[in-house]
1. Using just the Cα positions, wrap the chain in a convex hull and report its mean projected area in square nanometres, one decimal place.
2. Identify which of Glu69, Glu136, Glu27 has the largest mean-square fluctuation in a Gaussian network model of the chain, with springs joining Cα atoms closer than 10 Å.
3. Angle check, please: helix 77-89 long axis (alpha carbons) against the longest principal axis of the chain (alpha carbons), in degrees 0 to 90, nearest 10.
4. Stretched out fully, how many nm does the piece from Trp92 to Asp71 gain, at 0.36 nm a residue minus the Cα gap?
5. Give the calculated FRET efficiency between Glu136 and Thr24 to the nearest 0.05, with a Förster radius of 35 Å applied to their Cβ-Cβ distance.
6. What are the ³J(HN,Hα) couplings of region 147-157, residue after residue, when phi is run through the Karplus curve with 6.51, -1.76, 1.60 and θ = phi - 60°? Round to Hz, x for glycine and proline.
7. Run the simple label-point estimate for Tyr81 and Thr48 please: 7 Å along Cα→C-beta, distance reported in nm.
8. Once R0 is set to 25 Å, what does the formula 1/(1 + (r/R0)^6) return for the Cβ-Cβ distance between Glu122 and Trp99, expressed as a FRET efficiency to the nearest 0.05?
Amino acid sequence: MSLSETFLDTEDLHPIDIVQTLATRHEWDFDRVADDQISMVVEGQWRTYSITLAWSGYDETLRLICTFEMDPPEEKLPALYDTLNRANDLVWAGAFTFWREQRLMVWRYGLVLTGGQIAGPEQIDRLISDAVSSAERFYPAFQLVCWGDDCPEKAMDVAMGRAYGRA
């Protein structure tokens with residue numbers, strides 16, 4: 001059964017209900033913070049990621065924030081910001097930022113659903129998996145810049161692109 005078939009009989013789908021169903025299906029730990037917000041923990045290869053999705057009815061946007069802790073030395077921040085810019089140049093959906101005060105690396109994305117559009121379960125599942133795969137892809141580059149003394153150009157060599165096609 002496809003993810004969409006799970007929701008066929010539902011007239012008014014709330015995006016956070018769909019996220020909760022996906023979290024249950026993937027066996028991710030989650031907390032339904034409010035009717036319009038859910039937080040979950042997703043295990044990656046490099047890190048454990050905290051993912052929060054929140055629905056804003058005001059601007060009809062499903063917001064995703066994927067975070068992981070990062071506490072770079074102060075003198076490495078300019079190189080980290082350079083690396084963030086380079087990473088953001090390689091992605092089309094979403095962007096990285098560093099929340100200095102919270103010491104968190106953040107991947108953000110907003111899915112705009114104006115005019116009563118509904119995000120399907122496959123779309124939301126892809127949104128979450130893209131956030132984790134982007135964090136996994138660039139995590140080694142961030143580490144090399146902050147603790148490995150690599151320059152941003154060299155560190156980005158480890159950020160592999162997504163493979164397409166067949167071998």
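1. Here the figure is 11.7 nm², rounded to one decimal.
2. Glu27
3. Helix 77-89 sits at roughly 50 degrees to that axis.
4. Roughly 4.9 nm would be gained on extension.
5. Between Glu136 and Thr24 the formula returns 0.95.
6. With the stated coefficients, region 147-157 comes to 10, x, 6, 7, 6, x, 4, 5, 4, 5, 4 Hz.
7. Here the answer is 3.2 nm between the modelled labels.
8. The formula returns an efficiency of 0.25 here.
The values are calculated or read from the model by the stated rules, or taken from the named source; none is laboratory data. A quick note: this is a predicted structure, and the numbers were derived from the prediction, not measured. So basically every Cβ, Gly included, is an ideal-geometry build from the backbone, and we count neighbours across all protein chains shown. Surface accessibility is based on the protein's heavy atoms, side chains included, excluding ligands, DNA and RNA. Shrake-Rupley method; radii C 1.70, N 1.55, O 1.52, S 1.80 Å.
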